[in-house]
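Right, one structure below, let's go through it.
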Amino acid sequence: MSPRAAVQARLRELAGGLLRGRRVDVFLGFRKSGIPFRARPVAFHDAEDTESLVWNSFCSHSLAAYLRDWFPVGGAAGAAATVRVGLAVKPCDARAALRLVAEGVVPRDGLFLIGIRCSGMLDRRRAEAALGRREALGAGENDGGDIRVVVDDGSEVTLPRSPLLHRVCRECREREPQGCEVVLDGADGPVDEAPAGRGPAAALSEEEVRRRVAAELARCLGCGACRSVCPLFDEEAWTGCGPVEDRAGLHAERFHHLAGRCTSCGACDRACPAGVDTLFLVRPTPAGRCPVEPAAGRNGAPSAPGGPSP
Ligand code: SF4
Ligand code: SF4
């Protein structure tokens, strides 16, 4: 059995054992999706069903984003959990889950975290671009981690995995899940360096940040997907500083809500249909300010870096 297959088999075994032994009421994991380059998040309730659990480079969703649904009344200090949720987590997902614990949203004794060492998740847009005019009908991984794709002429194409990783994963240097009950070794080697042209806001001048923010806002569609998928953004607590089509307002709100809390999981970046660098917009300027000024940037107009961060 390959190391990749062994991790998946062990994950199935652990998840099934947790459900069978009633140590958790539900286990959040992934199942194969009918859509190429994706895996489907699933809440497993029966141990037998965990035989369909998968773990591969397509498991990019943050399962921590579903935790608010399972703990709607939060994890008040000292209160015992009324539901126990197991979940498979990448290092960034573990950080988000534990952040929710620290903030009293989720009780720690309500979680069983199975951490999986990570060497990055695939960016389906890169994979689709690598296929050119060919359309993917199905995709999987081979034992070495490269991507096997059945394309529309019936042939099979193998794409090297590393260049297809999401840009956030290529920058990530924290591959080891922390604070988990169990850690599985899912890593399979180094990834490429971060792509050129992207870097932390702190490495840029205020003027460069201003130009970059203007370019990002000009691409933004105001759909709010970056906000909805964030495991740490509480949609109910934040009804918004303005309409979602106020793109500068939306991103100023994201910044202020996520300042000092963002775990760099990249869920926002992956969800954005317009390719906006959503992480850049939640990072402070070199002077420690919000990069977006909503009042000057209504309806996505380019705006100057705004007031001081909280
Ligand atoms: S802002 Fe983006 S990268 Fe940060 S925690 Fe939210 S989804 Fe993850
Ligand atoms: S940054 Fe992307 S995901 Fe967020 S509102 Fe704009 S278009 Fe939508």
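Which of the residues belonging to the stretch 40-67 are in contact (Cβ under 8 Å) with a residue 24 or more places away in the chain and of a type in the set (Gly, Ala, Ser)? It would help to see each step written out before you state the result.
As a first pass, look at the stretch 40-67 and keep what is in contact (Cβ under 8 Å) with a residue 24 or more places away in the chain: 41, 44-48, 50-51, 53-67.
Correct list: Ala47, Ser57, Ser60, Ser62, Ala64, Ala65.
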Do you know which of the residues in the stretch 207-221 that are over 12 Å from Leu281 (Cβ atoms) and modelled with pLDDT of 90 or more is nearest to ligand 2 (Cβ to nearest atom)?
Leu221
Is there a residue in the stretch 186-198 that is assigned to a loop (DSSP other than H, G, I, E, B) and modelled with pLDDT of 95 or more?
no
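Of all the residues that make up the stretch 264-277, how many are near ligand 1 (Cβ under 6 Å from one of its atoms) and either of a type in the set (Gly, Ala, Ser) or over 12 Å from the mean Cα position of the chain (by Cα) (or both)? Please lay out each step first, then the result.
In the first step, residues of the stretch 264-277 are kept if they are near ligand 1 (Cβ under 6 Å from one of its atoms); the result is 264-268.
Applying the additional criterion that residues be either of a type in the set (Gly, Ala, Ser) or over 12 Å from the mean Cα position of the chain (by Cα) (or both) yields 264, 266-267.
So the count comes out to 3.
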If I ask for residues that are away from ligand 2 (no atom under 16 Å from the Cβ), assigned to a loop (DSSP other than H, G, I, E, B) and touching a strand residue (DSSP E or B) at 6+ places or on another chain (Cβ under 9 Å), which ones from the stretch 127-171 would you list?
Leu131, Arg134, Glu135, Asn142, Asp146, Asp152, Gly154, Pro160, Arg161
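The values are calculated or read from the model by the stated rules, or taken from the named source; none is laboratory data. Because the structure is predicted, anything quoted here is derived from the model rather than measured. In this analysis, Cβ positions are derived from the backbone assuming ideal geometry, glycine residues included, and neighbour counts consider all displayed protein chains.
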